[in-house]
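One structure below.
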Amino acid sequence: MTAEAQGVGRSSEPIDLQAVIETIPALVVCALADGSAEFANRAWQEYTGCSSPELIGFSWHAAIHPDDLPKLIQEWTVPAAGGKPFESEARVRRADGEYHWFAIRKALAVSRDQIGKPSLRALIACEDIQERKQAQDRLQQSEQRWQTAFANSAISIMMRDRTDRIFASNKAFRNMLGYTESELYHLCQIDITYEEDRELNLELIGELWEGKRQHFQIEKRYRRKDGTLVWVRNNVALVPGTGGVTPFLFTIVEDITQRKQEESERRYTEEKHRVIVEAASDAVICVDECSVILLANPATARIFGYEPAELIGKPLTVLMPEFLRKLHEHGFRRYLATGQRHINWQGTELTGLRKNGDEFPVEVSFGEVTAEGHRLFTGFIRDISERKQAEELRASLHATQAELARVSRLTTMGELAASIAHEVNQPLTAVTNNANACLRLLANRNLEPEVLRRALEEIVADGTRASAVIARIRAFIKKTPSEKIELDMNEVIQEVLALTGREIHENRVLLECQLTKALPSVWADRVQLQQVLLNLIINGIEAMTTVTSRPRSLLVRSKLDGSGEVLVAVHDSGTGLGLERDRVFAPFFTTKANGMGMGLPISRSLVEGHGGRLWATPNSPHGAVFSFALPVAARGPS
């Protein structure tokens, strides 16, 4: 068989078409105009594993993938009808059954038989493009993955061209700003940038296009569609143009609004703390793990005499006297190693050392914080020199007050000397009389056991009564520290009335007691309450010494008042308070010829020392009422 191929110059010798096809390394099938195969070259037969007779006619279609065959036939038919060559792609089955992609091209050739009659043939050449197709698939998959990642990324992404127009953006970017995709396409990036941030942004973009940099990072603000601002951090890179694609700017946008708010709040807090530290009246000192001073506030200069800058870098021990330094160094090392503190870190009183060498008392509180793996210690140091002096003064005043109270008690007991003598003399006289009676009975040898027993019992009872009177007087004037216990107020009243009984009798005073039973206890010092009551009762008796036209009556009452406190009131019918009502509690004010003017001030001080109050009011129709109220002892001492 000879042939003349299209596009090849004619030769005087006929061409053997089959011989030519065999020399082609590609897979080639020679087909008639209707697409039926006439023969196939060896490359086709080896690849498909089919012999030439097996491919005759339309059997060669079996090597084409079923999914690709209809398309191939359709594309074959149309060009074939117009007599035009065509190119297509289809999968061809290999001898082992695996399909590979091939580029299929068809060319027309004229074949002549032995007598020289021309006949049209189609040459179907197949080029293996498996690797190219795989590369295309990988590229397509990569593009698909990129498109999916771009569209669904939680990170905002946008791209813009050289005119700054946004030509692509993902959903996260659009949601962040509140714009639709079409709305963004009509905007430039600078349009959504906050006015104050535009200048720097444009400058950096200009450097990108000029080739001065390949990328940059900037923190700036975008204005959302609703007008609100959002802080972002943009990572911008210049993507060079390739394959007909012009260069563009690729931007990854991170919303940092929350971080900016937190930074602003942190700066505010730090500034607030800085102001507090600088304005603090106490010295504030920060040290590291080596006990080296890192910070000192202005108050340090006033308290220690060092300017803050002088202390930076010095050990904390520079502010301590020598005897405390070793103790601090050892205790601080032990705390760092074990966490055990050798002193309380809150409100501990220590001794400080000023720059001039003076030692002074301080109150120290320390706190610890760990920052970036380092431990920092902040101390608040207060100069308590004035407080210590005040405490010493208060202690001195308290001692003086206690001594004045004791003097007042002694004075009061001096005023009651006659009454006390009577109280002691009565039982002693009875003891003497009973003892003499016993002696007479013995002398008369009248040793009746019952008579002697009664006399001896009376002696014991009267001796005990005299001893009790003396014990009460000793306790009243004894110099002992204050001791608060639970007391029955009515019992204290009865004890004082027993001491003043003779004074009441000799001054012809009518005594009336209205004491509420089952009165709650008070938490108080017995002797001090006795002193207060004794002072009020004696004052009441003395206020009635000049009264002759009406009865001299003294009423002592106890009850629970409306506020839940125990109230004691002493009513007299004397001359009353008069114009001096507001001065009766003033120190050294007295209406008595021989008075010191300290009884009522001391009494008020003693009552207030128990958390109570003492006051005076007019009595109706005559005299005065002195009252005091004390809190009940529901929960013991405070």
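The values are calculated or read from the model by the stated rules, or taken from the named source; none is laboratory data. Predicted model, so just to flag it, every value in this text is computed and none were measured. Counting neighbours? That spans all protein chains shown, and the Cβs are built from the backbone with ideal geometry, glycine included. Note: areas computed on protein heavy atoms with side chains; ligands, DNA, RNA excluded. Shrake-Rupley method; radii C 1.70, N 1.55, O 1.52, S 1.80 Å.
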Residue count, the range 14-50 (criterion: open to solvent by 50 Å² or more (accessible area, probe 1.4 Å), touching a strand residue (DSSP E or B) at 6+ places or on another chain (Cβ under 9 Å) and more than 18 Å from E127 (Cβ to Cβ)): 8
Residue match in the range 59-69 (condition: at pLDDT below 85, open to solvent by 30 Å² or more (accessible area, probe 1.4 Å) and closer than 18 Å to A125 by Cβ): no
Test: residue in the range 336-352 that is closer than 30 Å to S603 by Cα, out of contact with any Gly (no Cβ under 7 Å at 6 or more places or on another chain), without any contact (Cβ under 8 Å) to a residue 12 or more places away in the chain and not hydroxyl-bearing (S, T, Y): no
Hey, G227 open to solvent by less than 80 Å² (accessible area, probe 1.4 Å) and modelled with pLDDT under 90 or not: no
Contacts under 6 angstrom Cβ, first residue in the range 500-520 being within 14 Å of I537 (Cα to Cα), partner part of a strand (DSSP E or B), 6 or more apart: I504/L511; V509/L554; L510/S553; L511/L554; E512/L555; C513/V556
Top-ranked residue in the range 586-616 [being at pLDDT below 90 and of a type in the set (V, I, T); ranked as surrounded by the fewest Cβ atoms within 10 Å (Cβ to Cβ)]: T591
Scan of the range 299-322 for residues that are closer than 17 Å to V364 by Cα, not in a strand (DSSP E or B) and not aliphatic (A, V, I, L, M), ordered by number: T300, R302, F304, T317, P321
Sole exception among (1) over 38 Å from the mean Cα position of the chain (by Cα); (2) in a loop (DSSP other than H, G, I, E, B) for F250, by number: (2)
Spans of helices (runs of 4 or more DSSP H) in the range 127-206 with at least 2 residues in contact with an Asp or Glu (Cβ under 7 Å, 6 or more places away or on another chain) and modelled with pLDDT of 90 or more: 171-177
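When only residues in the range 198-212 that are in contact (Cβ under 8 Å) with a residue 12 or more places away in the chain and farther than 25 Å from G178 by Cβ count, which is surrounded by the fewest Cβ atoms within 10 Å (Cβ to Cβ)?
Residue satisfying both the conditions and the ranking: W209.
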Verdict on K225 being touching a Phe, Trp or Tyr at 6+ places or on another chain (Cβ under 6 Å), part of a helix (DSSP H, G or I) and without any contact (Cβ under 8 Å) to a residue 60 or more places away in the chain: no
Some residue of the range 184-202 being within 39 Å of the chain's Cα centre (by Cα) and among the hydroxyl-bearing types (S, T, Y): yes
Verdict on E195 being more than 30 Å from T48 (Cβ to Cβ) and either surrounded by fewer than 12 Cβ atoms within 10 Å (Cβ to Cβ) or of a type outside the set (G, A, S) (or both): yes
Residue within the range 349-362 that is open to solvent by 30 Å² or more (accessible area, probe 1.4 Å) and closer than 17 Å to F377 by Cα present: no
Tally of residues being over 19 Å from V239 (Cα atoms) and either surrounded by fewer than 12 Cβ atoms within 10 Å (Cβ to Cβ) or more than 45 Å from the chain's Cα centre (by Cα) (or both) across the range 152-162: 2
